[in-house]
1. Quick one: ranking K176, K247, K125, K49 by accessible area, 1.4 Å probe, largest first, what do you get?
2. Take the alpha carbon gyration tensor of segment 9-87, find the square roots of its eigenvalues, order them as a ≥ b ≥ c, and report rounded if a/c is under 1.5; if not, report prolate when a/b exceeds b/c, else oblate.
3. Using θ = phi - 60° and the Karplus relation 6.51 cos²θ - 1.76 cosθ + 1.60, list the HN-Hα couplings for segment 44-58 in order, rounded to whole Hz, with x at every Gly or Pro.
4. Note down the nm distance, to one decimal, between modelled labels 7 Å out along Cα→Cβ at K176 and at S156.
5. Provide the per-residue ³J(HN,Hα) series for segment 165-179, in order, calculated from phi with Karplus coefficients 6.51, -1.76, 1.60 and θ = phi - 60°, each as a whole number of Hz, with x at glycine and proline positions.
6. Work the Kirkwood hydrodynamic radius out for segment 153-230: mean of 1/r over every pair of different alpha-carbon atoms, inverted, in Å.
7. Give the distance, in whole Å, between the Cα centre of segment 142-170 and the Cα centre of segment 72-126.
8. Going by amide H atoms built from the backbone, whose H comes under 5 Å of the H on D107, apart from near neighbours?
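The values are calculated or read from the model by the stated rules, or taken from the named source; none is laboratory data. In this text, all values refer to a predicted model and were calculated from it rather than measured experimentally. In this analysis, Cβ positions are derived from the backbone assuming ideal geometry, glycine residues included, and neighbour counts consider all displayed protein chains. Heavy atoms of the whole protein, side chains included, go into the accessibility calculation; ligands, DNA and RNA do not. Shrake-Rupley method; radii C 1.70, N 1.55, O 1.52, S 1.80 Å.
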Amino acid sequence: MQVSNFITYTETDYGTILLNRPEKRNAISLEMANELSTLLDDLKEKEIKFLVVKSAGEGVFCAGGDLNDFHGALSEKEAYDTLHTMKLVLSKIVSFPVPTICLLQGDALGGGCELATACDIRIAKETAKFGFIQSNLGILPGWGGGALLYEKVHPSFALQWLTEGKMLDAHFLMQKGWLHKIIPEEEWIDEEKVLEDYMKKSITQMEYLKTQYMESLSIPTLLEKMDKESARCANLWSSPKHEKIVKQFLNKSRS
């Protein structure tokens, strides 16, 4: 099913959302965010064992938000309203009725790491690298992904990664618990083999497993933490450092 020019959905025993904007490093525009939100609402009623989130191209899973929409010249309220759209998408992934699996065929930066963190299970190609780089831009994660990170890894490591803003390799992040599985590059093409452990389970099993996981996360409290983080990011949005870096990037991309 073609959702838009940049998003497709396919379904077998499981569902697959494909971000298909490789020429823009699969950056998510505001239009894409709204489409993802609507799609996730529709998919909640589907009888699927799990939901896969992946993207097209080789080098980058997702470079975060499209700076033509998530640009620096927004007021605090405008920034919060804009960030809210993808925060809502992440919250719908977190509370999706069956497990969500992120297939990371390439690097994830900023919001791309937030999107991956919202998924329950992360499987990466061994050559990929990942970075919550938002602190280098003078802001915080804006979609609630930082708040999610504290739930997915040890809090002290979450603080370190968020603060330093470094790109980290797959093997290191496997040790830290952020990644669940690393796949050699030559084996990545066989998606059914990558997902075979999940495909063997019944829909009811997967629903129960996800319900139990959500109970452990205390979803209402978690969503509140995500909202607070988004508001703090919006407060920093018009900071001189953030405006300068975004302006430099946009000028470079247009030249």
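1. Heavy-atom accessible area, descending, gives K247, K176, K49, K125.
2. Since a/c reaches 1.5 but b/c is at least a/b, the shape of segment 9-87 is classed as oblate.
3. Each residue of segment 44-58 in turn: 4, 8, 6, 8, 10, 6, 6, 10, 9, 10, 8, 9, 8, x, 9 Hz.
4. 1.4 nm
5. x, 8, 7, 10, 7, 5, 5, 5, 6, 5, 5, 7, x, 6, 9
6. Taking the inverse mean of 1/r over all distinct Cα pairs, segment 153-230 comes out at 15.7 Å.
7. With segment 142-170 and segment 72-126 each reduced to a Cα centre, they are spaced 13 Å.
8. Under 5 Å from the amide H of D107 lie the amide H atoms of V60, F61, K129, each far enough along the sequence or on another chain.
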